[in-house]
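Single-structure report; data block below.
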Amino acid sequence: MNLFGSLAFGLANLLHPRMLWLMLWPMLVAAGLWGAVAFTLWARAVLWLADQIKHGLDSAVFFLQVDFGTAATFLANFLLIILFVPVVMLTALVLLSVFGMQQIVEHVASRAYPTLERRATGGIAGSVRNAIAAGLGMTVLGVVTLPLWLFPPLWPVIPVAIVAWVDQRLLRYDALAEHAEPMEMKLLFREQRGTLYGLGALLALVAYVPLVGFFAPVLFGLAFTHYLLGALYVRRVHHR
């Protein structure tokens, strides 16, 4: 299957009325929820994080008489912004995964793969279980990699890598839940692991682009679905 063709399909179908509504409400709910949390806790979080950063810098260069207060405050705000964007995007993605991906799958299947047999194994319950598993996986990855966040070359990369894993974990299941049997899912996820992770990483990066990030969950939902349904179609044709 052509990855760029799937992204082009997503772009071409992004302004369909059904997709416009799916773009709107998950992002508004996620932004409203985390915006309220930020409004309430941001100042305290900045003070706490800046204090930890200042303490770490003071300990690292104890032999210098330098006041790191301003730099620590700036860095604390910067780190919270870096974390805020993927948290909003992932929340919107979870909402889309549980409540909107069926519409995306129906849209893609009816236009691109109308003859593909549905061997439904998923549903909302499966999406919820998958979202919980993705959340637990993200937590474990965050805890395991926490010591690495102290190294400047790594801390911008680690969040993107973790979010990329979560992105593909959320979207790949829902893209195939209506059509694929469990074994087909397992084989396709293994065969397409690199491409799916690449799509997830691209989504993680696009989320930071002003305005464009607003459309990212639905765009990549369309792209993941088109790509994986195409891969499923090819697999079934070759194994007849």
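Overview of values
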item	result
Complete set of residues in the stretch 145-188 that are aromatic (Phe, Trp, Tyr) and within 27 Å of residue 128 (Cα to Cα)	165, 173
Long-range neighbours under 6 Å by Cβ, at least six apart or interchain, first residue in a helix (DSSP H, G or I) within the stretch 90-112, second acidic (Asp, Glu) and at pLDDT below 95	97/174; 101/174; 105/178
Qualifying position, being at pLDDT below 85 and more than 20 Å from the chain's Cα centre (by Cα), among 64, 79	64
The stretch 1-15 - residue that is at pLDDT 90 or above and open to solvent by 50 Å² or more (accessible area, probe 1.4 Å) and, of those, farthest from the chain's Cα centre (by Cα)	12
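The values are calculated or read from the model by the stated rules, or taken from the named source; none is laboratory data. The structure displayed is predicted, hence computed values, not measured ones. Because the Cβ atoms are built from the backbone with ideal geometry, glycine has one as well, and the counts that use them run over all protein chains shown. The accessibility values were calculated without ligands, DNA or RNA, using every heavy atom of the protein model including side chains. Shrake-Rupley method; radii C 1.70, N 1.55, O 1.52, S 1.80 Å.
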